[in-house]
1. How do the peptides 185-191, 167-173, 122-128 rank, highest first, by the average count of neighbouring beta carbon atoms within 10 Å per residue?
2. On average, how much accessible surface per residue is there in the stretch 96-152, in Å², for a 1.4 Å probe, leaving out ligands, DNA and RNA?
3. Using the C-alpha gyration tensor of the stretch 89-185, what are the square roots of 5 times its eigenvalues, in whole angstrom, with the largest one first?
4. Excluding residues on the same chain fewer than 8 positions from residue 143, give the lysines whose Cα lies under 26 Å from its Cα.
5. Under 12 Å from a label point 7 Å along Cα→Cβ of residue 52: give me every residue in the stretch 126-168 with its amide N that close.
Amino acid sequence: MRTVRTLAWSMSVVALLVSGCASKPPARTDNICHIFEEHPRWYDHAKRSEERWGTPIPVQMAFVHQESSFRHNVRPPRDYFLGIIPRARKSSAYGYSQALSPTWKEYLEATGRRNARRGNMADSLDFIGWYNDISHRRLNIPKHDAERLYLAYHEGHGGYSRGTYRAKPQVGRVARRVNERATRYTGQLAGCEKQFRCRRFYQFWPFCR
């Protein structure tokens, strides 16, 4: 009996820890300041990715908004045979960044971050920064150009080079929306970033400006 109670308690603790790792989507996603007010650690993650890879914070967050609406466990929908028998999903995309499994594996091997997870915001933002850094180096896309970066993100570097997006007007419209959101986030962040950058007791001038 004691073993059963111990097992039940252990499972409860694990469930609590797992649920604690998953952040709820922000109540308001139209304003980056509100997003970071609700999830201040996300600012830290985005800032760290920006410093490492160079993609501005607003561009990173615009990508996440488009890809997953800030939901950690999103997958593509399944098709159903005869309306009841589930088939394989349309792609292996998963998590905040909707990274495909093969590309995620490439990221893990390139960065050595073997424990990174697509359902973790810090890892997803680092992935976006890493991918955009490759887009910049291979395709000469500026790291603030959210529209072209997103086209390369969606179509792959090879697809972007071949111009596959030109035959996909919907993809072009989505890329423009991502760019518009990144521009809006940029203006919003300019008015509130200091409160997130210097919010800890040890972050003070001249170490935090």
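1. Details: 185-191: 16.1, 167-173: 11.9, 122-128: 24.9.
Result, highest mean Cβ count within 10 Å first: 122-128, 185-191, 167-173.
2. Averaged over the residues of the stretch 96-152, the accessible area is 43 Å².
3. So the three semi-axes of the stretch 89-185 are 22, 15, 14 Å.
4. Result set, ordered by chain and number: 47, 105, 168, 194.
5. Answer for this model: 126-131.
The values are calculated or read from the model by the stated rules, or taken from the named source; none is laboratory data. Source: prediction; values computed, not measured. For neighbour counting, all protein chains shown are included, and Cβ atoms are generated from backbone atoms with ideal geometry for every residue, glycine included. What goes into the accessible areas is simple: the full protein's heavy atoms, side chains included, and nothing from ligands, DNA or RNA. Shrake-Rupley method; radii C 1.70, N 1.55, O 1.52, S 1.80 Å.
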